[in-house]
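> Sharing a structure below in structure tokens format, with a few things to ask.
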Amino acid sequence: KEAEAKKDMPANNGPAKERPRKPVTVTSDTMEADRNKKLVVFKGNVTAVEDFTVCSDILYVHYDANNAVSDIEALGNVVIFQEDKTSRSEKAVYDRKNRTVVLTGGRPQVQQCADTVKGEKITVYLDEDKAVVESGGGGRVKAVIMPEKKCEDSGRAQEKHISEEARCKRTRQVL
């Protein structure tokens with residue numbers, strides 16, 4: 001039966017609407033839910049996990065008419081971990097249907113291995129291993145591309161053995 005289940009699942013790079021939804025697990029100091037507004041607000045040391053991890057001060061989870069998560073907005077000291085990428089900004093909006101994350105505020109940046117890109121707005125396409133970096137207000141996009149790609153596999157493997165909350169806590173101590 002396991003083989004049958006695997007063959008029915010779309011490839012990793014399939015369209016977002018065909019991908020099976022994973023649960024979103026959120027931990028925080030406080031939570032406030034408002035069914036009428038279809039909104040849940042998490043505050044304080046927030047950690048949200050789907051197939052990537054979001055760390056922030058505040059997290060807004062918005063629901064659609066079918067009561068499914070439509071988008072997630074993270075505010076304050078936002079750090080996102082996805083595989084070998086780490087993104088930082090003051091605000092991030094995750095569009096769950098299109099599987100995009102838009103980073104703004106606080107000079108957003110995405111780091112992959114030793115390479116870093118910075119701009120005013122960064123749109124990360126989670127299923128396409130793609131990002132679009134935009135400048136604004138007379139600023140410029142900046143990319144630092146290292147000649148040798150030294151991904152610290154041993155450090156990443158070690159981080160996978162710690163909880164997502166511990167991973168977020170570690171980034172908060174650095175900030």
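> Net charge near residue 90: determine it from the other residues with C-beta under 11 Å of the C-beta of residue 90, scoring Lys and Arg +1 and Asp and Glu -1.
Once all neighbours under 11 Å are counted, the net charge is +2.
> A further question on this structure: Order the peptides 137-144, 119-126 from the highest to the lowest mean number of other Cβ atoms within 10 Å of their residues.
119-126, 137-144
> Run the quick spin-label model on residue 95 and residue 51: label points 7 Å from Cα toward the beta carbon, then report their separation in nm to one decimal.
Inter-label distance under the simple model: 1.8 nm.
> I've got another one for you. Would you mind classifying the stretch 18-84 by shape? Square roots of the alpha carbon gyration tensor eigenvalues, ordered a ≥ b ≥ c; an a/c under 1.5 is rounded, otherwise it is prolate if a/b is larger than b/c and oblate if not.
It comes out oblate by the Cα gyration axes.
> If you add up the charges near residue 104, with Lys and Arg at +1 and Asp and Glu at -1, over every other residue whose beta carbon is less than 13 angstrom from its beta carbon, what do you get?
Local charge sum for residue 104: +1.
> Shifting gears a bit: So which trypsin sites (Lys or Arg not before Pro) in the stretch 24-82 are both in a DSSP loop and have at most 11 other Cβ atoms within 10 Å of their Cβ?
Qualifying residues, ordered by number: 35, 37.
Computed from the coordinates by the stated procedures, all read-outs in this text should not be read as laboratory data. Keep in mind that this is a model prediction, so the values were computed, not measured. Positions of Cβ are generated from backbone atoms using ideal geometry, with glycine treated the same way; all protein chains shown enter the neighbour counts.
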